[in-house]
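The structure appears below as structure tokens.
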Amino acid sequence: VAKQTKYGQCEDAYFVQERSLGVADGVGSMTRFSRHGVDCAAFAAELMSLAAEALKPEGAVGEGPPEQRTAAALARAENEVKAYGASTMTVFELGQGPNFSTTAAVANLGDSGFLLLRPSVSQDSGEVAIE
């Protein structure tokens, strides 16, 4: 559901799949260029749609290590987007195989970032801590 911002409609988009997710943060202040065809909400949504499709098992980026797949999905989305706009983009994928929950890869475009929180056992106290 789109929320209202000081610039109008929310320009953000995301996708969530079994082993991957992505977030695009459209640049809201660009709405002043809408009369020139700029639509950051459509741009962010299309970036996420293209990246999500590329990361599906039958997707365009194919098989390979997650770090290659996320970078390829980000590049493909950036190169194939048709809408005009501006956005940051982050794409994340869990590794494949027997240890698939222990590896993760992220590709990022723009000035956004991410924080990975995971439980761990402290060597000193044996208590669960956040790294």
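Values for this structure:
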item	result
Yes/no for T70 being within 17 Å of the chain's Cα centre (by Cα), part of a helix (DSSP H, G or I), farther than 15 Å from A13 by Cα and among the β-branched types (V, I, T)	yes
Among the residues listed as S20, S87, S49, S101, the single one being at pLDDT below 90 and among the hydroxyl-bearing types (S, T, Y)	S101
Number of positions in region 57-77 that are charged (D, E, K, R) and modelled with pLDDT of 95 or more	1
Condition met for G22 (buried (at least 17 other Cβ atoms within 10 Å of the Cβ) and touching a residue at least 12 places away in the same chain (Cβ under 8 Å))	yes
Failed condition for S49, given (1) under 20 Å from D39 (Cβ atoms); (2) touching a residue at least 60 places away in the same chain (Cβ under 8 Å)	(2)
Any hit, region 32-41, residues being at pLDDT 90 or above, in contact with a Ser or Thr (Cβ under 8 Å, 6 or more places away or on another chain), surrounded by 20 or more Cβ atoms within 10 Å (Cβ to Cβ) and not basic (K, R)	yes
Top-ranked residue of region 50-77 - restricted to ones that are over 15 Å from A24 (Cα atoms) and out of contact with any helix residue (DSSP H, G or I) (no Cβ under 9 Å at 6 or more places or on another chain), ranked as surrounded by the most Cβ atoms within 10 Å (Cβ to Cβ)	P66
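The values are calculated or read from the model by the stated rules, or taken from the named source; none is laboratory data. Because the structure is a prediction, the values reported are computed rather than measured. Ideal geometry is used to build each Cβ from the backbone, glycine not excepted, and the neighbour counts take in all protein chains shown.
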